[in-house]
1. If S235 meets every condition in (1) within 30 Å of M58 (Cβ to Cβ); (2) assigned to a helix (DSSP H, G or I) apart from one, which number is that one?
2. Is one or more of the residues making up region 155-176 assigned to a strand (DSSP E or B), assigned by TED's automatic domain parsing to the domain that holds I256, within 16 Å of the ligand (Cβ to nearest atom) and surrounded by fewer than 20 Cβ atoms within 10 Å (Cβ to Cβ)?
3. Across region 124-154, what is the number of residues that are at negative phi and not in a strand (DSSP E or B)?
4. What are the residues in region 100-145 that are among the β-branched types (V, I, T), in contact with a Pro (Cβ under 9 Å, 6 or more places away or on another chain) and closer than 21 Å to L257 by Cβ, if any?
5. Taking the stated definitions as given, is K17 free of Cβ contacts under 8 Å to residues at least 24 places away in the same chain and either surrounded by 21 or more Cβ atoms within 10 Å (Cβ to Cβ) or in contact with a strand residue (DSSP E or B) (Cβ under 7 Å, 6 or more places away or on another chain) (or both)?
6. Considering region 84-100 alone, what residues qualify as being within 20 Å of P312 (Cβ to Cβ) and surrounded by fewer than 19 Cβ atoms within 10 Å (Cβ to Cβ)?
7. Confirm whether N86 is of a type in the set (S, T, N, Q) and under 14 Å from the mean Cα position of the chain (by Cα).
8. Considering G54, G147, which residue is under 19 Å from the mean Cα position of the chain (by Cα) and touching a residue at least 12 places away in the same chain (Cβ under 8 Å)?
Amino acid sequence: MSEDSYKILGFDVGGTKISAVIGNSQGRIIRKLEKPTSKNLGQERLAEQLRDMGWKAMQSAGIKSVESIGIIFAGLIDQASRTVINSPNIPGMRRFPVGKILEEEFGVRSVLENDATGATIAERLFGSGRFVDNFVYITLSTGIGGGFFSGGKLVRGAHGLAGEFGHMVIMANGPICGCGRRGCLEAIAGGKGIARRATESLKGIRESEILSSVPINRIDAKVIFDAMEKGDMFSRLIVEETVYYLAVGIVNIASILDPELVIIGGGLTNSGQKFIDLIKRGVREEFKNMKRPMKIVKAIPHVSDLASISLPIFFSKQDF
Ligand SMILES: [Zn+2]
């Protein structure tokens, strides 16, 4: 990038935490503030908290103004009006004009996207997506989501819902998903799905030395991954089953989009490189006769911090 670096104020509003960051146009995070998301905040108080965090982040970075604002919001958003349509994890966010509120406060333009699209854009600007025009980003966390570039362009779809990989059915009549359908990838291989599959097997839990000592309502994906690292066979089985379904999902995606690269991010990948290596092997096997040179890599570190500041940088280069 040859242009001079400029400062951006980024917000990331998720179901568990809210962050405000100051970053520059080169993709460097200068300051970050973080707070837990209070579930009963409501629009007024959330707006107040964002304004407050924004000013504090600027103050601690020693700046009085920014060039633009990027906002990541976990939920369905309308990009044109910078409005949250609603958020499944944060109640009371119906038609929340977060973009306009922050524009008024800070006097600069804002861009709003959901978390998965934001991370996809961050990978395009600063991650492995820089080098390829056809790539898919998949986030594996409590839920599963993503986004993709095709022919060098971000694909949003007619309603901005393209890349909802988590709601691809991989097991007809499988377990019920939050979306109302059955057998979605998210319901099986998302964080909650992993925990549910493990805790449904009482025999498996009883025979696992590690999991049998954890209260059943405390068994989550992290506990299972950690137990696998310590050599727990039942946990390894659950993870391998997860990898199988992810591989089926990824090969389905590849059959439709034919990407050169698949980038995997999200909380579940924090367990280390082993999980990614298992996914790579699973996908290689699942390709069968459709084998192709498609790479799978882990997302850049701090992709979610970079996501918010990436938005104004990316869209200032496009006509929108
Ligand atoms: Zn679903």
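The values are calculated or read from the model by the stated rules, or taken from the named source; none is laboratory data. If you're wondering where the values come from, they're calculated on a predicted model, not measured in any experiment. Heads up, the Cβs are rebuilt from the backbone with ideal geometry, glycines too, and the neighbour counts pull from every protein chain shown.
1. S235 satisfies every listed condition except (1).
2. Within region 155-176, one or more residues are assigned to a strand (DSSP E or B), assigned by TED's automatic domain parsing to the domain that holds I256, within 16 Å of the ligand (Cβ to nearest atom) and surrounded by fewer than 20 Cβ atoms within 10 Å (Cβ to Cβ).
3. Total meeting the criteria: 14.
4. V132, V136
5. So K17 fits the description; yes.
6. Of everything in region 84-100, those that are within 20 Å of P312 (Cβ to Cβ) and surrounded by fewer than 19 Cβ atoms within 10 Å (Cβ to Cβ) turn out to be P97, K100.
7. Details: of a type in the set (S, T, N, Q): yes; under 14 Å from the mean Cα position of the chain (by Cα): no.
For N86, the condition - of a type in the set (S, T, N, Q) and under 14 Å from the mean Cα position of the chain (by Cα) - is not met.
8. G147
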